[in-house]
Amino acid sequence: MYTIKACLYLTLIASLLVLSVLYRCGKLTALTIPLVLMAGLSSLVARTQAKVRVERAVESNEIFAGEEVAVKLKVVNKGRPLLMELKDCVNEEVPVVHGSNRVLLYLINAEDVEYVIRPPSRGLYVIGPVIIELSDPMGLWKREYVVCGEARVAAFPRFSSVSGAPLGAKYTGVWPGEVLSRRSGRGTEFYGVREYVPGDELRRVNWKASARLRRLMSNEFVEERVTDVLIVVDAGWSGVIEDELAEEVLEHEVSAAAALALALLRAGNRVGLLTRGEGGTWVKPGFGRRQLLRVLYHLAELRMGEQLPLSYVLRTLAHYLLKPHAQVVLISPVLDRDIVSAIREISTEYEVLVISPNPFSNPKGGQLLTAYRLLELEREMLLTALSRTCKVVDWDLRAPLTPLLKRVRVRRWAK
Amino acid sequence: MSVLEALLLAAWITTVLVMGYFQPTPLALVCALSAVPYTLGILTGRRFLLAVAVALQLPGLIQYSINAENMVWSCAILLFTIYLAEVGDLVARSRRCIDRGYVKRRVLELSTIAGSSFTFTVLLFYAVLPAAGFGIDFGELVAILLLLLLLASLLFSSSEEV
């Protein structure tokens, strides 16, 4: 492919020839000779073929936003020594903090190229392809080859740990966990007293009751088991408040969802994810580290954008994703009346916890705009309405989430 | 500023001064101004500034060529200007990339090419052109060259990829 420089040289030669005709001056024609010779010799010297192999090694494909990733390229030349420009394409918004992804190489045998990128925010980033560019010494033309494919780096949202999520689901699984079930067994919550049976631990013997009834009695505790949790992240309220503020609240929502997913999975629960926004998606409940990665991948991709009403999304997908009487955790600033009807609808069948980050908790310049004040009032009304049907955590974004979660009372199931 | 950059700037300013010495006209002032975009182009890595520098240098060079008695000098100054611009372009490119021996090799290649071009040009002037003066009309020569140029430009436009 010819470059702009070639066009400029061509224009210069043409101009000199035209001027020589206009002035009837052969000296200007003679001036074109060294230019043509130089361009011709430059093309003769150039190499157009390359036998180059490039291998890329990315330090880690999964990082947290703001962390650095080292990318190493091993460039091997199987032919004669070669002059080339090597470029590993990186998204423009990702800064290269050490080294460079563009290298001018005189390649004899093999070279290592290393650079470090720092994805600024959560998301999925593509690195590559690697392009090598061969050109003549004057750069009148260039030829590009794609020599290595793409690699993906997922930048997960940053989050701080959360504990004490108040789960009150009636549905519990078979494995021991942290959710109070309706059965007696091993646990910490007192359930009742029954007659001692051989095999009971001595520390569970209720000595006072035994003395009163003149036979050995044992304490019973509420069995704590795992449950299924569906975390619903609402990013479908764009346009209600300023974009910058909305993005900030969304980041808090995503961080809270990630922290909850980690805490719940660590406790042995099955966790699923449902997101509403641009690229809204869902993950069926599951256990373990792989499930956490799945959830984090989907959270990394979540962007602001309204697609479907939350009531429709929940009505359609909750039954598909979750067993009856399991736990739903909705993370939303609750700026939409539709959310109240959606929660009312599903709270008959599921235990619902609403975590609502307050977008107006940190007003700029200490004062809220009148419009925001009205929105805040409306939000407070919606939260009051919601608190009649489910547990609500009104989250002041300046404060950590854990103490607020611990303040919420969990329903104790009757004997 | 590296040694190569300092050398390039010194060479460009020298060329400009030589032009001003041989041809003390207002166009020499324009030539002198070309040192500004050249310096900025090299120091900031903006390649278009080098093209601007060459464009500012050309009017003075053309005027000098029209008035010159010896064309070899004109060709030498033009070649040297183009050579400095090309090396400056390499330095400007290396500002945005990491250089691993590329610039050095390319400068050597460019030096060879510029030197060879100058030699061939001088040979042409002393051997071929005086002979051509007997048989070929000037108008015909220019017409042939324009035709060749037209063909070359057609080739350029038809073959986007080599």
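Taking A:LYS5 as the anchor, which lysines have their alpha carbon closer than 19 Å to its alpha carbon, excluding any fewer than eight residues away along the same chain?
Counting by Cα, and skipping residues close in sequence, A:LYS5 has these lysines nearby: A:LYS142.
Please identify every one of the chymotrypsin sites (Phe, Trp or Tyr not before Pro) in segment A:223-311 that sits in a loop by DSSP and has no more than 13 other beta carbons within 10 Å of its own beta carbon. Present the calculation step by step, with values, prior to reporting the outcome.
On the way: sites: A:TRP237, A:TRP282, A:PHE287, A:TYR297; in loops: A:TRP237, A:PHE287.
Those that pass, being in a loop and sparsely packed, number zero.
Choose one of A:LEU369, A:LEU383, A:LEU335: the residue whose Cα lies farthest towards the positive end of the charge dipole of segment A:228-407 (beta-carbon charges +1 Lys, Arg; -1 Asp, Glu; about the Cα centre).
Positive-most Cα among the choices belongs to A:LEU383.
Which angle between 0 and 90 degrees, to the nearest 10, do you get for helix A:370-387 versus the longest principal axis of chain A when only C-alpha atoms count?
Once rounded, one gets 40 degrees.
Taking the inverse of the average 1/r across all pairs of different Cα atoms in segment A:176-225, what Kirkwood radius in Å do you get? The partial results should precede the final answer.
On the way: mean 1/r = 0.0894 Å⁻¹.
So the Kirkwood estimate lands at 11.2 Å.
Relative to the first principal axis of the alpha-carbon coordinates of chain A, what is the inclination of helix A:310-321, with its axis defined by its Cα atoms, in degrees from 0 to 90 and to the nearest 10?
Helix A:310-321 sits at roughly 80 degrees to that axis.
How high is the relative contact order of segment A:23-83? Use alpha-carbon pairs under 8 Å, at least six apart in sequence, and give a whole percent. Mind showing how you got there, number by number?
Values: 41 pairs, mean separation 19.4, N = 61.
Once normalised by length, the contact order is 32 percent.
Helix-derived [θ] at 222 nm for chain A: sum -39500 (n - 2.57) over DSSP H runs of at least 4, divide by residue count, nearest 500? Don't skip to the answer; put the middle values down first.
Details: 9 runs with 133 residues, N = 415.
Roughly -10500 deg cm²/dmol at 222 nm, from the helical runs in chain A.
How large is the charge dipole for the protein assembly as shown, taken about the Cα centre, if only the Cβ atoms of Lys, Arg (+1) and Asp, Glu (-1) carry charge, to the nearest 20 debye?
Numbers: 64 positive and 56 negative charges, 572 e Å.
Magnitude of the dipole: close to 2740 debye.
Rounded to two decimals, what is the ratio between the C-alpha radius of gyration of segment B:3-129 and 2.2 N^0.38 Å? Write down the numbers at each step before the final one.
Details: Rg = 15.1 Å, N = 127, 2.2 N^0.38 = 13.9 Å.
The reported ratio for this selection is 1.09.
For A:GLU144, A:GLU301, A:GLU244, what ranking results if the residue with the fewest other Cβ atoms within 10 Å of its Cβ goes first? All intermediate terms of the calculation are to be shown ahead of the outcome.
Numbers: A:GLU144 14, A:GLU301 17, A:GLU244 8.
With the fewest neighbours first, A:GLU144, A:GLU301, A:GLU244 line up as A:GLU244, A:GLU144, A:GLU301.
Provide the percentage of antiparallel DSSP beta bridges, counting only those with both residues in the protein assembly as shown; round to the nearest 5. It would help to have the intermediate numbers written out before the result.
On the way: 57 of 85 bridges.
Antiparallel bridges: around 65 percent, rounded to the nearest 5.
Where the centre of each part is set by its Cα atoms, how far does segment A:1-42 sit from segment B:44-63, in angstrom?
About 15 Å separates the Cα centre of segment A:1-42 from the one of segment B:44-63.
Using a Debye calculation, one point per C-alpha and no hydration shell, please list log10 I(q)/I(0) for chain A at q = 0.12, 0.13 Å⁻¹ in order.
-0.98, -1.07
Can you sort A:LYS27, A:LYS284, A:LYS208 from fewest to most other Cβ atoms within 10 Å of each residue's own Cβ? Please report the intermediate quantities before stating the final value.
Values: A:LYS27 19, A:LYS284 16, A:LYS208 9.
By the 10 Å Cβ count, ascending, the order reads A:LYS208, A:LYS284, A:LYS27.
Residue farthest toward the positive end of the dipole of segment A:176-225, with Cβ of Lys/Arg at +1 and Asp/Glu at -1: which of A:ALA211, A:VAL179, A:VAL197?
With unit charges placed on the Cβ atoms, the residue in question is A:ALA211.
So, with +1 on the Cβ of K and R and -1 on the Cβ of D and E, and no other charges, what is the size of the charge dipole of segment A:52-156 about its Cα centre, to the nearest 20 debye? Working shown, then result.
Numbers: 13 positive and 16 negative charges, 67 e Å.
My answer is approximately 320 debye.
By how many degrees, 0 to 90 and rounded to 10, does the Cα axis of helix A:337-347 deviate from the longest principal axis of chain A?
Between the helix axis and the principal axis of chain A, the angle is about 50 degrees.
Quick one: check the C-alpha center-to-center distance for segment A:148-187 versus segment A:213-262, whole angstrom.
Taking the Cα centre of each part, segment A:148-187 and segment A:213-262 sit 8 Å apart.
Of A:ILE33, A:ALA263, A:THR281, which is farthest towards the positive pole of the protein assembly as shown's charge dipole, taken about the Cα centre with +1 and -1 on the beta-carbons of Lys, Arg and Asp, Glu respectively?
A:ALA263
Please list, by residue number, every one of the GluC sites (Glu not before Pro) in segment B:1-98 that is coil in DSSP and has at most 11 other beta-carbon atoms within 10 Å.
On the way: sites: B:GLU5, B:GLU69, B:GLU86; in loops: B:GLU69.
For GluC sites (Glu not before Pro) across segment B:1-98 that sit outside H, G, I, E and B with at most 11 neighbouring Cβ atoms in 10 Å, the list reads B:GLU69.
Can you list the GluC sites (Glu not before Pro) in segment A:81-134 that are in a DSSP coil and have 13 or fewer other beta carbons within 10 angstrom?
Values: sites: A:GLU85, A:GLU92, A:GLU93, A:GLU111, A:GLU114, A:GLU133; in loops: A:GLU92, A:GLU93.
Taking segment A:81-134 and a limit of 13 other Cβ atoms within 10 Å, the loop GluC sites (Glu not before Pro) found are A:GLU92, A:GLU93.
State the volume of the convex hull built on the alpha-carbon positions of segment A:48-102, expressed per residue in Å³ and rounded to an integer.
Values: hull volume 5.3 nm³, N = 55.
Per residue, the Cα convex hull of segment A:48-102 comes to 96 Å³.
Let's test the formula: R0 of 35 Å, r as the Cβ-Cβ distance of A:VAL146 and B:SER116. What FRET efficiency results, to the nearest 0.05?
Numbers: r = 34 Å, r/R0 = 0.97.
The computed FRET efficiency comes out at 0.55.
To check you understand DSSP bridge types, tell me what percent of the beta bridges within segment A:228-407 (both residues inside) are antiparallel, rounded to 5. Please list the in-between numbers first.
Numbers: 4 of 27 bridges.
So the antiparallel bridges amount to about 15 percent of the total.
Going by average Cβ density within 10 Å per residue, which order do the peptides B:102-112, A:371-381 take, highest to lowest? Intermediate values should be presented prior to the final figure.
Numbers: B:102-112: 17.5, A:371-381: 14.4.
Listed from highest to lowest mean packing, they are B:102-112, A:371-381.
For A:SER387 and A:ARG182, what is the calculated FRET efficiency with R₀ set at 25 Å and r taken between the beta-carbons, to the nearest 0.05?
On the way: r = 25 Å, r/R0 = 0.98.
Approximately 0.55, to the nearest 0.05.
Read the figures in this text as sums done on the coordinates, not as results from a lab. Predicted model only: the values in this text are computed from it and were never measured. Note: ideal-geometry Cβ built from the backbone for every residue, glycine included; neighbour counts use all protein chains shown.
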